[in-house]
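The values are calculated or read from the model by the stated rules, or taken from the named source; none is laboratory data. Note that the structure is predicted; figures quoted are calculated from it, not measured. No Cβ is skipped: glycine too gets one built from the backbone with ideal geometry, and neighbour counts run over all protein chains shown. The protein model used for the area step is the full one, side chains on, heavy atoms only, and it has no ligands, DNA or RNA in it. Shrake-Rupley method; radii C 1.70, N 1.55, O 1.52, S 1.80 Å.
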Amino acid sequence: MTAAIGSARPFGRAGAGLTAVAATPLTGAAFAQDGSALGAGLGLGIGLLLAVIVGAIVGWLAGLIVKGGGSGLLGNVLYGIGGSMLASYVLPLVGVSLAPGWVGPLIAAVAGAVALILIVRLIRKAAS
């Protein structure tokens, strides 16, 4: 599958939450020789920064819901991003539809992060 540079079309299952950035061909306006798309990579950087910030907030909220030892900033970011990916994959499989806007996906991301924290705790408990 190819998509235009900067396309936000998801690939895989509908609503998988992953964008087609990785599947973007290395041709097009971002690599133009005339410098017309000089700041094309800026959008990706801002998107990654927002993903880390939102992931940290979602992981922190999930950490408040699931009592126990804190995960720190990096742990919160990883739980938040991983939980949102988990929720965006699992919820459509079971037929759960999210409300439009930002509140529904935020609730789903927190629920996914809580589930991820509980899964990691079960694995750690079984390993020890």
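Taking all protein chains as present, what is the carbon and sulfur share of the accessible area of region 45-84, in % to the nearest whole number, probe 1.4 Å?
Values: 1900 of 2320 Å².
Whole-percent figure for carbon plus sulfur exposure: 82.
Mind checking the full-extension length gain between Arg124 and Leu106? Use 0.36 nm per residue of separation minus the Cα-Cα distance, one decimal, nm. Please report the intermediate quantities before stating the final value.
On the way: separation 18, 0.36 × 18 = 6.48 nm, distance 2.68 nm.
This chain segment gains 3.8 nm when fully extended.
Got the relative contact order for region 40-128 handy, in percent, Cα pairs under 8 Å and 6 or more residues apart?
Working: 99 pairs, mean separation 28.0, N = 89.
Rounded, it is 32 percent for region 40-128.
Considering only the other residues whose Cβ falls under 12 Å of the Cβ of Val114, what net charge follows from Lys and Arg at +1 and Asp and Glu at -1? Present the calculation step by step, with values, prior to reporting the outcome.
Values: positive: Lys67, Arg121; negative: none.
Once positives and negatives cancel, what remains is +2.
Efficiency by 1/(1 + (r/R0)^6): what FRET value for Ile57 and Leu93, r their Cβ-Cβ distance, R0 = 35 Å, to the nearest 0.05?
Details: r = 25 Å, r/R0 = 0.73.
The calculated FRET efficiency here is 0.85.
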